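For reference, the structure discussed in these notes is given below.
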């Protein structure tokens with residue numbers, strides 16, 4: 001066997017136990033990321049993309065159960081003991097959360113928050129060395145190092161997001177999971193942050209899992225993109241191709257939601273999908289997308305569709321694959 | 001086209017006299033903008049550029065330091081009676097529909113609120129039902145007794161829109177109406193705004209940071225930077241061949257931007273309490289940094305000479321940039337808004 | 001997700017599961033029953049000083065389960081009738097305190113600038129001023145034409161609203177920041193509309209929970225004032241009994257029953273109100289729900 005992939009997620013299922021019964025948030029997801037690769041996970045609120053991110057590092061809230069396998073360099077995260085898991089978090093894989101304001105401790109300086117994981121994970125690193133490394137990390141993400149002494153509220157939104165990335169890089173992980181890292185940031189700052197992430201992947205050979213609701217962003221940054229709907233991947237393929245000619249009707253709708261400026265087809269004609277994202281508590285039968293799908297046929301109501309090859313290097317979960325009805 | 005809502009030389013700020021020591025924040029620093037009947041105008045810019053303050057001032061929620069807000073050609077008065085009458089005609093749709101609805105009020109109560117405030121005569125139930133179905137919630141009666149937490153995000157935003165429509169306004173000011181909604185729902189809400197314009201002849205001013213939204217629905221686009229409109233004109237033209245380096249940069253960093261080299265501006269939106277002299281964009285301007293302005297022989301003016309206010313009225317396309325030959329020409333403004341050319345503001 | 005709203009049904013379900021709250025509620029119902037049924041439980045003639053039927057200051061016996069006072073009256077009869085006065089004074093004073101506190105609190109939070117600041121200073125002034133001297137002064141300056149019990153109610157109500165006002169103001173400030181108030185303003189809603197339709201419904205749960213806590217304070221205050229001789233000596237309340245016990249030399253005569261039983265009923269009712277109030281808070285505030293045992 002060849003060397004194990006950086007991250008392999010196999011048949012991941014996440015279920016939340018709530019007062020109203022079990023809530024299946026992720027229903028069998030397969031993903032792979034290798035070093036120097038960027039995988040985008042797209043989907044709307046409630047599609048399970050954040051649960052996937054949390055499950056990779058076992059950061060799910062109590063009351064959630066994850067099954068399947070999450071192989072991080074060949075080692076199953078879901079089966080690890082507590083000590084090993086703590087070592088793996090941050091030093092093998094780190095997560096950048098959305099909402100940088102809430103993820104930073106408001107009463108501690110930026111410097112102390114970056115140093116903390118270094119001191120926790122690497123014995124033998126002195127406080128001074130750790131501080132020096134923190135300064136270097138800040139410079140690397142484009143924040144002046146004197147900001148080490150600043151508190152989060154003294155920084156702008158973009159700078160805070162950069163600090164979050166610096167924190168994730170603190171222990172030199174091989175894999176970074178970024179959950180909506182640019183939501184709530186301005187376009188210019190979003191471009192700055194995405195540029196930073198792109199550069200890190202290129203220079204450090206990191207693996208990056210980028211989670212977003214914005215398919216256009218993912219198509220631009222990621223080698224491969226997986227589109228999730230109702231807890232499953234409904235289409236997977238090369239980033240740009242998925243954005244320009246998606247196979248699955250949902251992926252197509254998601255791509256059309258963010259118009260290409262200059263494209264006459266979307267001028268004064270916004271594209272949306274009727275209906276709302278489904279409630280995981282009461283998923284529709286058959287293909288969960290069928291109530292909102294314009295191309296739905298009788299089979300879609302009854303037949304549960306799994307991912308199937310749609311073209312070389314791409315797959316999608318739609319009954320129309322192989323028939324002419326799939327053509328846009 | 002008749003002008004429905006307009007800002008004329010509008011200045012809005014905070015602080016100043018009371019907070020001694022700190023300079024006042026000039027959030028809106030001289031804006032001319034008008035919205036015609038049945039027109040959808042997008043006001044775009046980064047956070048902190050003053051676009052939300054401008055929207056609030058247009059709604060009479062913020063009192064301008066200088067200049068005026070005009071509705072159907074009549075300057076807005078700030079007596080409480082004048083404001084109340086005004087707010088029947090001009091409605092607000094907020095960004096976050098979850099927060100914009102009182103969790104303890106039913107859909108019916110939320111929509112009927114405006115009718116009750118203004119003591120609108122007529123059958124209340126009918127008017128609420130009509131507004132809900134206009135907003136795409138049909139059959140309306142099924143939603144009357146629902147609470148906001150029982151609805152999806154898109155449905156909530158439709159309730160907020162219905163609450164605005166129930167008073168038969170002639171303008172809606174929508175502040176980031178889709179930015180907190182799911183991607184697939186976004187298009188539906190934007191399509192609703194378009195259909196309301198077609199059916200009711202409604203004028204809409206959409207405040208957004210999303211240029212794609214402007215492309216989707218707006219007839220005209222005004223781009224704001226640090227309290228001023230720096231470029232305004234028909235959406236196709238502004239987005240097709242932007243005249244201002246700032247608009248150009250904003251467009252170039254959009255992920256789906258076709259074959260355009262991204263121009264990533266360094267830093268964040270600067271501080272509206274310290275507006276740079278000369279062209280307010282000059283410290284971040286790529287054209288100045290790359291020497292384009294120097295070659296054109298305007299670099300000195302960029303740094304030292306303030307630009308006149310851009311008139312964002314119908315049929316005009318102008319940019320506040322020394323590089324553009326039409327930049328300093330105020331002629332277009334006179335014909336549009338009927339306001340005589342003003343001296344450049346002291347920067 | 002969205003902020004949970006306590007509907008009457010879900011509220012009662014949560015409350016019922018709260019053992020402390022239910023204990024408090026049962027006790028309160030018991031007290032209310034006693035107060036309402038006082039004429040059936042004890043003959044009001046037994047309250048008159050000249051109608052004492054027993055031996056003066058005799059310890060508890062079968063005929064006089066709570067013993068007798070110096071005039072030979074049954075302490076049990078007096079405690080039963082005292083429940084009535086104490087509860088009436090407590091509840092009425094609480095209503096006054098709540099109305100003032102909620103009104104001042106909402107107004108202080110809603111109006112920016114001078115009016116809000118002024119109300120806030122007024123609240124703080126009432127908060128820091130020593131409560132008892134103020135109450136004593138107020139009680140003594142009331143014109144004699146006003147029935148003493150009404151005077152007591154007003155004094156307690158007027159002196160105990162400040163903490164409620166502060167609480168309500170804080171909650172109002174947090175509600176003022178919500179977008180739905182901005183929406184109401186943009187719709188043309190005036191101050192009265194905003195406060196009545198948006199702020200009040202959202203502070204009501206807090207006020208409700210606070211009511212029970214204030215009630216216990218009001219009952220204690222009534223007892224204190226009566227004990228100090230500022231109460232209505234025409235009507236028997238627990239404070240009046242305690243005052244008379246003190247004056248009558250219950251301490252030096254070791255007539256413990258004369259003090260213990262009215263004191264005990266006071267402690268229990270205050271405890272019951274507190275238990276209920278805490279449980280109400282837990283049931284109405286979803287954030288505290290996780291903390292319930």
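The values are calculated or read from the model by the stated rules, or taken from the named source; none is laboratory data. Everything numeric in this text was worked out from a predicted model, so none of it was measured. Because the Cβ atoms are built from the backbone with ideal geometry, glycine has one as well, and the counts that use them run over all protein chains shown.
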Problem set entry | Filter result (more than 23 Å from residue B:241 (Cβ to Cβ), touching a helix residue (DSSP H, G or I) at 6+ places or on another chain (Cβ under 9 Å) and in a loop (DSSP other than H, G, I, E, B)) within the range B:273-303 | B:276, B:277, B:278
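This table checks each residue for (1) under 15 Å from residue B:114 (Cβ atoms); (2) under 22 Å from the mean Cα position of the chain (by Cα); (3) free of Cβ contacts under 8 Å to residues at least 24 places away in the same chain.
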| site | (1), (2), (3) |
| --- | --- |
| B:129 | yes, no, yes |
| B:135 | yes, yes, no |
| B:144 | no, no, no |
| B:153 | no, no, no |
| B:160 | yes, yes, no |
Seminar exercise, completed: By residue number, the members of the range B:254-282 that are within 14 Å of chain A (Cβ to nearest Cβ) and modelled with pLDDT of 85 or more are B:281
Exercise. Restricting attention to the range B:37-57, does a residue exist that is at pLDDT below 90, within 14 Å of chain C (Cβ to nearest Cβ) and surrounded by 17 or more Cβ atoms within 10 Å (Cβ to Cβ)?
Worked result: yes
Exercise. In the range C:127-196, which helices (runs of 4 or more DSSP H) lie fully inside it and hold 2 or more residues that are crowded, with 16+ Cβ neighbours inside 10 Å and at the interface with chain B (Cβ under 10 Å from one of its Cβ atoms)?
Worked result: C:179-186
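So for the range B:12-21 (the condition being assigned to a loop (DSSP other than H, G, I, E, B) and within 13 Å of chain C (Cβ to nearest Cβ)), does at least one residue qualify? I'd like the intermediate steps shown before the answer.
Within the range B:12-21, the first condition is being assigned to a loop (DSSP other than H, G, I, E, B), and the residues that meet it are B:15-21.
This time we only want the ones that are within 13 Å of chain C (Cβ to nearest Cβ), so: B:18.
Within the range B:12-21 (the criterion being assigned to a loop (DSSP other than H, G, I, E, B) and within 13 Å of chain C (Cβ to nearest Cβ)), the answer is yes, since at least one residue qualifies.
Can you name the residue in the range B:277-307 that is under 26 Å from the mean Cα position of the chain (by Cα) and more than 18 Å from residue B:266 (Cβ to Cβ) and is also surrounded by the fewest Cβ atoms within 10 Å (Cβ to Cβ) among such residues? Explain how you work it out, then say what you get.
Step one: of the range B:277-307, the residues under 26 Å from the mean Cα position of the chain (by Cα) are B:277-286, B:306-307.
From the residues that got through so far, the ones that are more than 18 Å from residue B:266 (Cβ to Cβ) too are B:277-278, B:306-307.
Working: B:277: 12, B:278: 18, B:306: 20, B:307: 23.
Result: B:277.
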Problem set entry | Residues located in the range B:82-99, provided they are surrounded by fewer than 17 Cβ atoms within 10 Å (Cβ to Cβ) and without any contact (Cβ under 8 Å) to a residue 24 or more places away in the chain | B:82, B:85
For this session: Evaluate the following for residue A:238: is it within 22 Å of residue A:27 (Cα to Cα) and away from chain B (no Cβ under 13 Å)?
Result: no
For this session: Scan the range A:195-221 for residues that are in contact with a strand residue (DSSP E or B) (Cβ under 7 Å, 6 or more places away or on another chain), assigned to a helix (DSSP H, G or I) and within 14 Å of another protein chain (Cβ to nearest Cβ) and jot them down.
Result: A:197, A:215, A:218, A:219, A:221
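Against the definition (farther than 30 Å from residue B:98 by Cβ, part of a helix (DSSP H, G or I), at pLDDT 90 or above and within 20 Å of the chain's Cα centre (by Cα)), how does residue C:102 come out, yes or no? Walk me through how you get there before you give the answer.
Working: farther than 30 Å from residue B:98 by Cβ: no; part of a helix (DSSP H, G or I): yes; at pLDDT 90 or above: yes; within 20 Å of the chain's Cα centre (by Cα): yes.
Judged against the criteria, residue C:102 is not a match.
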Seminar exercise, completed: For the range B:58-81 the number of residues that are within 11 Å of chain C (Cβ to nearest Cβ) and outside any loop (DSSP other than H, G, I, E, B) is 3
For this session: Among the numbered conditions (1) modelled with pLDDT of 85 or more; (2) in a loop (DSSP other than H, G, I, E, B); (3) away from every other protein chain (no Cβ under 14 Å), tell me where residue B:306 comes up short.
Result: (1)
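Quick check on my filter: what residues within the range C:27-72 are closer than 30 Å to residue C:283 by Cβ and free of Cβ contacts under 8 Å to residues at least 60 places away in the same chain?
Applying the first criterion (closer than 30 Å to residue C:283 by Cβ) to the range C:27-72 yields C:27-37.
Hits for the range C:27-72 are C:29, C:30, C:32, C:33, C:34, C:35, C:36, C:37.
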Exercise. Across the range C:10-27, which residue is modelled with the highest pLDDT among those that are under 19 Å from residue A:18 (Cβ atoms) and either within 14 Å of chain B (Cβ to nearest Cβ) or exposed (fewer than 15 other Cβ atoms within 10 Å of the Cβ) (or both)?
Worked result: C:17
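Could you please find all residues in the range B:100-114 being part of a helix (DSSP H, G or I) and crowded, with 21+ Cβ neighbours inside 10 Å? Can you show your working first?
Looking only at the range B:100-114, we keep the residues that are part of a helix (DSSP H, G or I), and these are B:100, B:107-114.
Residues satisfying the conditions are B:100, B:107, B:110, B:111, B:112, B:113, B:114.
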Exercise. If you take the residues in the range B:172-203 that are away from every other protein chain (no Cβ under 12 Å) and closer than 19 Å to residue B:111 by Cβ, which one is surrounded by the fewest Cβ atoms within 10 Å (Cβ to Cβ)?
Worked result: B:199
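Let's see how each residue does on (1) part of a loop (DSSP other than H, G, I, E, B); (2) out of contact with any helix residue (DSSP H, G or I) (no Cβ under 6 Å at 6 or more places or on another chain); (3) modelled with pLDDT of 90 or more:
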residue: B:164; (1), (2), (3): no, yes, yes
residue: B:169; (1), (2), (3): yes, no, yes
residue: B:181; (1), (2), (3): yes, no, no
residue: B:185; (1), (2), (3): no, no, no
residue: B:189; (1), (2), (3): no, no, yes
residue: B:192; (1), (2), (3): no, yes, yes
residue: B:195; (1), (2), (3): no, yes, yes
residue: B:204; (1), (2), (3): no, no, yes
residue: B:213; (1), (2), (3): no, yes, yes
Exercise. For residues in the range A:267-309 being over 15 Å from residue A:250 (Cα atoms) and buried (at least 19 other Cβ atoms within 10 Å of the Cβ), which is nearest to the other protein chains (Cβ to nearest Cβ)?
Worked result: A:270
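Wholly within the range A:1-109, which helices (runs of 4 or more DSSP H) include no fewer than the required count, namely at least 1 residues that are modelled with pLDDT of 90 or more? Talk me through it step by step, then tell me what you get.
Numbers: elements: A:49-56, A:82-91, A:100-103.
Filter on the range A:1-109 gives A:49-56.
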Exercise. So how many residues does the range A:52-83 have that are within 19 Å of residue A:234 (Cα to Cα) and touching a residue at least 60 places away in the same chain (Cβ under 8 Å)?
Worked result: 2
